[in-house]
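Engineer: To start, I am sharing the structure in question, which I have written as structure tokens.
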Amino acid sequence: MISIDPSQNTERENYKFLIGSIIPRPIAFVTSMSNEGVLNGAPFSYFNIVSANPPMISVAIQRSAGKQKDTARNIICAKEFVVHIVDEQNVELINKTAASLPPDQSEIDLAQLTPVKSNKISTPGVMEAKVRMECTLEQALELGGEDSPGCDFIIGRIVQFHIESSLYQSGRIDPKGLAAVSRLAGNNYAKIGEIFEIERPQ
């Protein structure tokens with residue numbers, strides 16, 4: 001086995017080890033609204049559940065050369081955002097939103113996604129997702145050093161779930177119907193694949 005000290009690596013080398021080993025990673029498509037009223041949309045695979053009581057999720061938004069991304073800036077200013085689950089049907093459209101656009105241009109327009117009003121916040125979501133979650137900002141942390149943070153760690157509290165009715169069965173979501181996709185390394189994605197069950201010990 002090879003042992004590697006991350007402090008001796010470049011950021012790029014550590015990045016490759018992380019995205020190559022922590023797989024599969026769920027993908028959040030996040031919409032946020034700028035102060036100028038531009039609806040921003042971007043996918044993030046540094047994304048997961050934080051808590052069920054209250055329901056909270058996290059998104060880690062990496063900075064580029066120390067510069068805060070539009071999504072992080074918008075969320076911190078507006079204190080709200082919408083998270084969508086990326087699936088087999090919308091992944092091609094969502095991939096288009098990963099393009100680097102100036103803050104005054106909307107990735108939603110670029111990908112020809114359909115904005116849909118939220119119930120409890122002012123930031124719209126998009127219709128093309130089978131599951132979306134309206135979130136308010138619970139906490140935002142700058143990580144990676146006081147002088148040069150490398151990441152904005154966003155914790156959002158879910159205030160409204162939207163779930164496509166065909167997926168909802170007895171209080172649960174059908175994983176095959178959702179057909180969520182996950183991120184691997186490079187340009188690679190994965191589908192759900194085979195589902196198996198193991199009983200938890202008592």
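The values are calculated or read from the model by the stated rules, or taken from the named source; none is laboratory data. What you are looking at is a predicted structure, and each value in this text was computed from that prediction instead of being measured. Backbone-built Cβ (ideal geometry, glycine too); neighbour counts: all protein chains shown.
Engineer: Inspect all residues belonging to region 116-133 and state whether any of them is surrounded by fewer than 19 Cβ atoms within 10 Å (Cβ to Cβ), more than 17 Å from PRO26 (Cα to Cα) and of a type in the set (Val, Ile, Thr).
Structural biologist: yes
Engineer: When you scan region 95-110, do you find a residue that is touching a Lys or Arg at 6+ places or on another chain (Cβ under 7 Å) and in contact (Cβ under 8 Å) with a residue 24 or more places away in the chain, even just one?
Structural biologist: No, there is no match, as no residue in region 95-110 is touching a Lys or Arg at 6+ places or on another chain (Cβ under 7 Å) and in contact (Cβ under 8 Å) with a residue 24 or more places away in the chain.
Engineer: Further, regarding this structure: Go through GLU138, GLU88, GLU142 for me and flag whichever is under 26 Å from LYS191 (Cα atoms) and not hydrophobic (A, V, I, L, M, F, W, C).
Structural biologist: The match here is GLU88.
Engineer: Additional query: Please enumerate the residues belonging to region 133-145 that are in a strand (DSSP E or B) and not β-branched (Val, Ile, Thr).
Structural biologist: MET133, GLU134, CYS135, LEU137, GLU138, GLN139, ALA140, LEU141, GLU142, LEU143
Engineer: Before we move on, is ARG12 over 16 Å from THR136 (Cα atoms) and at pLDDT below 95?
Structural biologist: Considered against the rule, which asks whether it is over 16 Å from THR136 (Cα atoms) and at pLDDT below 95, ARG12 comes out as yes.
Engineer: Among the residues of region 89-140, count how many are more than 18 Å from the chain's Cα centre (by Cα) and either closer than 22 Å to PRO175 by Cα or of a type in the set (Gly, Ala, Ser) (or both).
Structural biologist: Here the count works out to 1.
Engineer: Look through region 56-70, keep the residues that are under 17 Å from TYR46 (Cα atoms) and free of Cβ contacts under 8 Å to residues at least 40 places away in the same chain, and return whichever of them is surrounded by the most Cβ atoms within 10 Å (Cβ to Cβ).
Structural biologist: ASP70
Engineer: Name, by its number, the condition in (1) in a loop (DSSP other than H, G, I, E, B); (2) touching a residue at least 60 places away in the same chain (Cβ under 8 Å); (3) surrounded by 14 or more Cβ atoms within 10 Å (Cβ to Cβ) that does not hold for SER148.
Structural biologist: (3)
Engineer: Take the residues in region 71-86 that are more than 12 Å from the chain's Cα centre (by Cα) and buried (at least 21 other Cβ atoms within 10 Å of the Cβ); name whichever of them is farthest from ASN40 (Cα to Cα).
Structural biologist: Among those residues, the one meeting the criterion is GLU80.
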